[in-house]
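The values are calculated or read from the model by the stated rules, or taken from the named source; none is laboratory data. Given the structure is predicted, the values throughout are model-derived calculations rather than measurements. Please note: Cβ atoms are built from the backbone with ideal geometry, for glycine as well, and neighbour counts cover all protein chains shown.
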Amino acid sequence: MHNHPPRFLTAAFLGCALMLTACGKPETVTAGDNDPDAATLNAAKPVELPPMVVHSRTFRCKDASLVYVDFLSNNTALYKTDKQSPGTTLTAAEPGKPYTAEGYSVSGDGPQVEITAPGKPAQSCKA
């Protein structure tokens with residue numbers, strides 16, 4: 001039986017050295033006046049970012065149910081009864097007013113709110 005660890009180590013060392021020398025030269029990419037998309041990009045409308053989540057709260061209501069509400073920066077709230085569901089978007093007419101949608105209402109955005117959902121009476125819920 002012939003073991004040749006020195007030959008294997010020498011080959012591995014040479015292989016690593018070759019790979020490192022190939023990575024040593026940085027490539028510079030420059031864009032000149034010949035960018036074919038420049039006019040299209042300059043004429044495009046500004047991109048509007050989606051609203052930010054201001055508060056994301058889990059509420060326990062008087063009937064022992066859980067409600068998940070994400071309060072967004074554009075006077076809307078996303079109401080969910082299951083964390084994985086897409087939810088229902090509620091809108092406030094102006095800051096400080098209740099977030100509403102057909103059959104839904106969330107009054108406030110603090111640790112205690114009043115929530116109404118379709119088929120349920122209004123109830124107090126705490127975060």
Inset, instruction - Would you be able to tell me the number of residues in the stretch 38-93 that are more than 24 Å from the chain's Cα centre (by Cα), closer than 18 Å to Ser107 by Cβ and surrounded by 11 or more Cβ atoms within 10 Å (Cβ to Cβ)? - result: 4
Legend entry - Only listed residue being in a strand (DSSP E or B), at negative phi, out of contact with any Cys (no Cβ under 6 Å at 6 or more places or on another chain) and in contact (Cβ under 8 Å) with a residue 12 or more places away in the chain, chosen from Thr91, Thr100: Thr91
Legend entry - Residue that is farthest from Cys125 (Cα to Cα), among those in the stretch 43-88 that are among the charged types (D, E, K, R) and not in a strand (DSSP E or B): Lys45
Inset, instruction - Can you tell me which residue within the stretch 106-127, out of those that are in a strand (DSSP E or B) and surrounded by 14 or more Cβ atoms within 10 Å (Cβ to Cβ), is nearest to the chain's Cα centre (by Cα)? - result: Val106
Inset, instruction - Have a look at Gly96, Gly103 and point out the one that is within 15 Å of Pro118 (Cα to Cα) and surrounded by fewer than 16 Cβ atoms within 10 Å (Cβ to Cβ). - result: Gly103
Inset, instruction - Name the residue, out of Thr116, Thr40, Thr76, Thr88, that is β-branched (Val, Ile, Thr) and in contact with a Leu (Cβ under 7 Å, 6 or more places away or on another chain). - result: Thr76
Inset, instruction - Among what's in the stretch 85-127 and is more than 12 Å from Val67 (Cβ to Cβ) and acidic (Asp, Glu), pick the residue that is modelled with the lowest pLDDT. - result: Asp109
